[in-house]
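Student: To start, I am sharing the structure in question, which I have written as structure tokens.
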Amino acid sequence: MRDGGTGSAPDGVPAVTLPGVVDRHVHLGLVDRALLADGPVTEVHDLGWDPPEVAAWAADPPSGVRVRYAGPFHTAPGGYPTGRPWAPDAAVRHVATPREAAAAVADVVAAGGFAVKVALHAGMALLPDDVLRALVDGAHAGGLLVLVHAEGDGQAQRAIDAGADTLVHVPWTEALPDAVIARAAHMTWISTFAIHDGPGRPIGLERALDNARRFVAAGGRLVYGTDMGNGPTPVGVNEREIELLGRLLEGEALRRAVLGPPSAPALEAPLPLPETATDLITWLRASRRLPHSPK
Ligand SMILES: [Zn+2]
């Protein structure tokens, strides 16, 4: 924490205006999304759901919230998250061949998704390299990002080497070699640290923080995302996620990781510009939405 604390801001400190919070990893189908209305979170990215259902939520979102979505999980037949109780069948797209990969990507484009979500989860059926590559190449040809859930030995490296743009969780199941992290330095990694924070799983959190620290040092872009809906996550700002990001980032880097671009709906609070995670949490608690002109 910094000297002085934000609570003691002197009278007369001009209010600071900043863009709203962007949560780059949520599952709106698993939360009471109405709770997001007119809060500090002004944009969410849904990373796995039935495409028509999530498209309808994006068309009629909680007040003041922009919803972007990927659509379904792309996975091998029988691969993660097939059969998980939280995952409707329509949220999982099984892809067995490169030809099926091309068709699946076309369906994401048609459904209005911004990205192709791919699951590589060791211990269940895995996409082979040629199908993974077809998903990546097809997505990029169609102007879409490729966002990968990589879990278990070697899967983050497969995603990196296949040309994925984003890892939707900072890798937590293994310590990545520095050489692999160096090859990932052009990517975006979404934090989701707080989901590893429960009892019995601290090793996952420590691994994730260590991987992320080296990723940031290599020049990688680490951003805020909570996996909202995975367990008892808050519907709104996840302060624990910001605290954990604050172990790695501060100042402009922290603000850019958590908050949207300048075009995002604005928040205002009568406090100085937040520099640390503690500052930022205090600032967000004190913030109010400013009216904004429609896009
Ligand atoms: Zn998720």
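Bear in mind that the values in this text are calculations on the coordinates, not laboratory data. All values reported here derive from a predicted model rather than from experimental measurement. Here Cβ is always computed from backbone atoms with ideal geometry, including for glycine, and neighbour counts include all displayed protein chains.
Student: Between helix 129-141 and the chain, what is the angle of the helix's C-alpha long axis to the longest principal axis, kept within 0 to 90° and rounded to the nearest 10?
Tutor: Tilt relative to the chain: about 50 degrees.
Student: Just grab the label-to-label distance for Ala253 and Ala175, each label 7 Å out from Cα along the Cβ direction, in nm (one decimal).
Tutor: Each label point is offset 7 Å from its Cα along the Cβ direction, giving 2.1 nm.
Student: Given R₀ = 22 Å, what would the calculated FRET efficiency be for Ala141 paired with Ala90, taking r from the Cβ atoms and rounding to 0.05? Provide the component values of the computation, followed by the final result.
Tutor: Details: r = 25 Å, r/R0 = 1.14.
Plugging the Cβ-Cβ distance into 1/(1 + (r/R0)^6) gives 0.30.
Student: Applying a 10 Å radius around every beta-carbon, put 123-134, 184-195, 77-88 in order of their mean neighbour count, most first.
Tutor: Details: 123-134: 17.7, 184-195: 22.2, 77-88: 14.9.
Ranking the peptides 123-134, 184-195, 77-88 by packing returns 184-195, 123-134, 77-88.
Student: Still on this structure: Taking the Cα centroid of the stretch 82-159 and of the stretch 228-256, what is the distance between the two, rounded to the nearest whole Å?
Tutor: With the stretch 82-159 and the stretch 228-256 each reduced to a Cα centre, they are spaced 26 Å.
Student: Here's another thing I want to ask about it. What list do you get for Trp57, Trp172 if you sort them by fewest beta carbons within 10 Å? Numbers along the way, then the final one.
Tutor: On the way: Trp57 18, Trp172 24.
With the fewest neighbours first, Trp57, Trp172 line up as Trp57, Trp172.
Student: So what J values fall out for the stretch 268-279 if you push phi through Karplus, 6.51 cos²θ - 1.76 cosθ + 1.60 with θ = phi - 60°, rounded to Hz, Gly and Pro as x?
Tutor: 9, 9, x, 9, x, 4, x, 10, 10, 4, 4, 4
Student: Can you give me the Cα centroid spacing of the stretch 14-69 and the stretch 179-209 in angstrom?
Tutor: That distance is 23 Å.
Student: Would you mind working out the magnitude of the charge dipole of the stretch 26-275 relative to its Cα centre, with +1 at each Lys and Arg C-beta and -1 at each Asp and Glu C-beta, to the nearest 20 Debye?
Tutor: On the way: 19 positive and 30 negative charges, 61 e Å.
So the magnitude is around 300 debye.
Student: With label points built 7 Å along Cα→Cβ from the Cα atoms of Asp130 and Ser63, find their separation and express it in nm.
Tutor: A separation of 5.5 nm, rounded to one decimal place.
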